[in-house]
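Here the structure comes first, spelled out in structure tokens, and everything after it is commentary.
The values are calculated or read from the model by the stated rules, or taken from the named source; none is laboratory data. Keep in mind that what you see is a predicted model, and the values were worked out from it rather than measured. Neighbour counts run over all protein chains shown; Cβ positions are idealised from the backbone, glycine included.
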Amino acid sequence: MEIALGLILVLVAFAVIRSIRIVPQKQAYIVERLGKYANTLEAGLHVMIPFIDKVSYKHTLKEQAVDVPPQNCITKDNISVEVDGILYMQVMDAKKASYGINNYNFAAAQLAQTTMRSVIGKLDLDKTFEERESINANIVDAVDKASDPWGVKVTRYEVKNIVPPKSIKDAMEKQMRAEREKRAMIAESEGERQAKINVAEAEKQEAISLSEGEKMRRINEAEGRAQEIERVATATATGLRQVAEAIQAEGGHSAVDLRIAEQYLSEFGKLAKENNTMIIPGDLSNIAGMLASLKEVVKKTA
């Protein structure tokens, strides 16, 4: 009797232990009661009915990364390329994820591959490398719509590698090399063109500067000569004015007569020094007459 009671207590303890479930954070357990869905256990401590309730499915609610295996796709220009990627998804409804599909990870990867073949088939080979964002967006849109009944949300998809055949890679490398050489030649010619333009512009500016300098030099010389002539004329006029005023002053005419006589005799003396033969006026009385004539001229001008 004691043994039987002990067995009963052990079974009761085992049943109590089995009925207690602790669900970790970011996980969800699906409980079935007698083979039928009962409820979903979220994070925390839960008590189930022993021998009746059963945890049938366990799901993580974290975002999952599902590797999409490489596959061969045919581009619009009939080039076979090998493409692989990675799919990010998250369980939003544990019940749908349990009963909506058998294996949502596998199903999502297969659907991503199918959509990838369809998208790549609409693009030329060159565009497949340029349109990665568009390819990712199309795959996310298609897989997310299909996975909605599964209780799964597809957050994003990333293409990892696009590998064309070796012959195509060689042709693309040659094309890229030719394009780089072409850009280098264009850049070099543009540099030479710009250098010639700069040299021509510099020569033009130099010629303009030289001509401007020559122009200013001539203007300055002309202005200098004009000022010189003006100052000489002003000085001459001032001298004549002073001479005229001196003549009109008292004793001025006598001074003029004396000055004329001195200059006449001085020039006459120079002739005697410079020539062996001395010229003497035939009528010495004409000297006084000449002086009188010069005096009359001075009076008229005064």
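Things worth noting here:
- Residue satisfying all of: in the range 74-106; over 18 Å from L61 (Cα atoms) and among the aliphatic types (A, V, I, L, M); modelled with the highest pLDDT among these: I86
- Subset tally (residues that are within 14 Å of Q113 (Cα to Cα), β-branched (V, I, T) and over 40 Å from the mean Cα position of the chain (by Cα)) for the range 144-160: 0
- Entry remark, the range 38-55: residues being touching a helix residue (DSSP H, G or I) at 6+ places or on another chain (Cβ under 7 Å) and assigned to a strand (DSSP E or B) number 2 in total.
- Selection over the range 52-76 of residues that are touching a residue at least 40 places away in the same chain (Cβ under 8 Å) and more than 15 Å from Y37 (Cα to Cα) gives a count of 12.
- Taking the criterion of being surrounded by 13 or more Cβ atoms within 10 Å (Cβ to Cβ), touching a helix residue (DSSP H, G or I) at 6+ places or on another chain (Cβ under 8 Å) and part of a strand (DSSP E or B), the residues of the range 56-84 that qualify are S56, Y57, H59, Q64, V66, V68, Q71, C73, V81, V83.
- Condition check for I162: assigned to a strand (DSSP E or B) and in contact (Cβ under 8 Å) with a residue 40 or more places away in the chain: yes
- Pairs linking a residue in the range 33-50 that is hydroxyl-bearing (S, T, Y) to a residue that is in a loop (DSSP other than H, G, I, E, B), with Cβ atoms under 9 Å and 6 or more positions apart or on different chains, are T40/D93.
- Residue match in the range 120-138 (condition: touching a Pro at 6+ places or on another chain (Cβ under 7 Å), in a helix (DSSP H, G or I) and touching a residue at least 40 places away in the same chain (Cβ under 8 Å)): yes
- Condition check for F106: without any contact (Cβ under 8 Å) to a residue 12 or more places away in the chain and either under 54 Å from the mean Cα position of the chain (by Cα) or assigned to a loop (DSSP other than H, G, I, E, B) (or both): yes
- Any hit, the range 161-169, residues being in contact with a helix residue (DSSP H, G or I) (Cβ under 9 Å, 6 or more places away or on another chain) and among the hydroxyl-bearing types (S, T, Y): no
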